1. Hey, got the Cα dimensions of the stretch 231-384 along the principal axes, in Å, largest first?
2. Using Cβ counts within 10 Å as a stand-in for footprinting exposure, how do Y434, Y428 rank, fewest first?
3. In whole Å, what are the Cα extents of the stretch 693-764 along the three principal axes, biggest one first?
4. What distance in nm separates the two pseudo spin-label positions at Y102 and A517, each 7 Å out from Cα along the beta-carbon direction?
5. At 25 °C and 0.890 mPa s, grab the translational diffusion coefficient of the stretch 624-763 from Stokes-Einstein with a Kirkwood Rh over Cα pairs, rounded to a whole number in µm² per second.
6. Taking H placed 1.01 Å from N in the peptide plane, check which residues at least 5 places from L48 or on another chain put their amide H under 5 Å from its amide H.
7. Could you calculate the FRET efficiency of E757 with Q385 from 1/(1 + (r/R0)^6), where r is the beta carbon distance between them and R0 is 51 Å, rounded to 0.05?
8. I want to verify the translational diffusion coefficient of the stretch 500-589 in µm²/s; compute it with Stokes-Einstein, Rh as the Kirkwood radius over Cα pairs, at 4 °C and 1.567 mPa s.
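Just so it is clear, none of the values below were taken in a lab; they were calculated from the coordinates. Since this is a predicted model, take the numbers as computed values, not measurements. Neighbour counts run over all protein chains shown; Cβ positions are idealised from the backbone, glycine included.
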Amino acid sequence: MRDQIRQAVLAVKREQGFRFRPAEEIQERAVQEAIQRFAPGVRPEDVLLMMDITGESLGSEGFLLTEQGLYSSLFPQQSLALDGLTRAELEPGKQGRVLCGYSDGTSRSLYIPTHGPYIAAVLTAVIGVLQGRERPAAKKLSPLEQAIARRLAQKKQAERRKEEQKGAGSEPAPEALQYTRQGLQAYRSGDYVQALEAFRQAAQQGDAQAQFWMGKLCRDGQGVFTDYAQAMKWFREAAGQGNADAENSIGNLYDKGKGVPRDYAEAFRWYERAARHGHALAQYNVGNMYYNGDGVARDDGKALEWYEKSAAQGEAKAQYGLGRLYELGRGVRKDLAEAFRWYRKAADQGHARGQFAVGYMYDEGEGVPQDKAAAVEWYRKAAEQGMTSAQINLGLMYENGDGVPEDCTEAVKWYRMAADQGSPKGQYRLAYMYDCGKGVAADKAEAVRWYRKSAEQGYARGQFCLGYMYDEGKGVPQDKREAEQWYRKAAEQNYASAQFNLALMYAHGDGIKQDKAEAVEWYRRAAEQGHAGAQLNLGIMYKIGEGVPEDLAEAAKWLQKAADQGKEKAKKPLEQVLRQLEQAGIPLPSPEEAPAPEAGAKEEDEALSEKAMAARLLDTGLEEYRTAKYPDAFRTFQKSANLDNVAAWFNLGTMYDLGRGVSRNLKEAFRWYKKAAHEGFAHAQFNLGQMYYLGQGVDRDKAEGFRWFQEAARQGLAEAQAMVGAIYLDGTVTARDRDQGVWWLRQAAGQGLEAAEQALASLD
């Protein structure tokens, strides 16, 4: 059978003059490289023929034929099965499409630009062998006859669109094809000047492919200065002859506003024309415009339809787009496993965003079993292509020893790559490493420099940290006014820690005019986001009527929330308030219920509704915890945690830590604390610091414990401030620094922490 297939296909070469070579005529290394490039899993000995259409190198226009199937370099990881194949013919009116029929009644359309006739003939020969019959004695066309037939077909297509398209090119002279081939050879060798001249000769004789390439060279500035007007001229001439590449390129110029005013509607029109001619990238572009609602009404169903058409041709961007639709549940039922499948297809073709998505799903265990090591490798693939999000996530994996041995030096390397590309998050992470001396020598001034770069781009965490550096005079002269300005910028972006610090400045008149009412407002904003310190201080202000009318019920509400998060200082005033409410005969506050939506109100965005659901579940879990229904609370916290509620992550850590509602498991407690800590949850940062400091659930690391105490202290957590102060005074982790120690203890004492007050008294 193998020899019969080989001989049949070689007969096609002899009789019709096709330019391809059998595998035995090509070096073994070249065969292996081709397999590795676009047919992984195929054994070299199974290759019957290695077809090289150009007669030069395999490049992007090659095919491998095995007894099992046909593999194309145009569509890696996809093959056309030979089993059951009954026919292969060119689809009328569809350039480059080969329609393959199977014995079970199914069919598949294979898109192979410019090479459809070759593949159709090859498959016809193979079918004859597989079915045990000779190929039909049809008239064999010479290469010249085939070229003429293709040109006639192009001309007919141009005539059918004559009313819509103006200026269709004239029939090219025979030598135009030779000039086009010379142009392609020169382009592939990097000689753009020679390519330009060859394409110009062919284009002036009406060759549509050469006209497209002239447009491309003018657009990309290859062999000539960039000239969008000339690019558009050549693209239009090629498009007038039905060249789909040119139609898509015109759409792209309108889409990007290059050489013409940006016009999404016009871009969509041209993309759609090319898409209906079977152009894979154009099909993706049409889908993307439906997805975003650019130039056409947003329609997720249409986006899905066009993405599928493009993805079936192997377009990686469309495969990624399909993954995104399945992940978000747009235009299709949400299916994370299916999302992962499409992301993986795109990733396998080297698509950076697809690689990042695969890494993220492995990282979080979404749509696929969690595998941190696999996440690292896929993040690395995307990071090496310059994707800043992947560089940052890879840095975090190295910083935290997640899926890879902890290596802060390596983390700094990846953060710097992202920072140097202007990523505000990358700049923040790099600043943080300089601030803490992780993976690099501690340098507060350098930390300030990178915090500033991040802050000036509007990144809230960078703004908060820059404000803090000015507030404390670290790496920069102390400047309370400057601190207030940066805190405010972050606070206005709803960054809770910045809102809390700004409230403190108003409450104490620290660098700005004291304003208790303004302090209340900022405490409230932070408290509503779950900031325990803000909840405590807001409750106290309602209790004593400072900056707001006295309201014991509101005081109880906020003090209770603070106490539920482990804020010890909230417990005594909460008891007092509850006692006062009881004596006054005022009903005790009950857990809040979400208000019912107004009749006819439009449903919230899914992400928002999930956030609201997570918050309601958290409140329910806290109530169950207060009433000692620990197993119920644990299950409820799990549900909230699955909806990415950070406070729920912290509470799960607490339950594992204390063994309430679940068997005590310090490693699990550590995992949940760590997860919440990285999202800035102060109590989680403090508890994580304790676990590192004491060696609970993790190898003992006092320096790492101190770092997390600092993180929590900067957010105003009194217990963490006291620990930082004690460590500075003790000098066991860092150099002994009495001034720093006393300052931090005073911060904690200012919040009423008795242990801090006692420590300060002992120093006198």
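1. 52, 33, 26
2. Y434, Y428
3. So the extents along the principal axes, rounded to whole Å, are 35, 22, 17.
4. Modelled inter-label distance: 7.5 nm.
5. Reported coefficient: 158 µm²/s.
6. Those qualifying (amide H under 5 Å, at least 5 residues apart or on another chain) are L65, T66, E67.
7. That gives a FRET efficiency of 0.40.
8. Answer from the Stokes-Einstein relation: 101 µm²/s.
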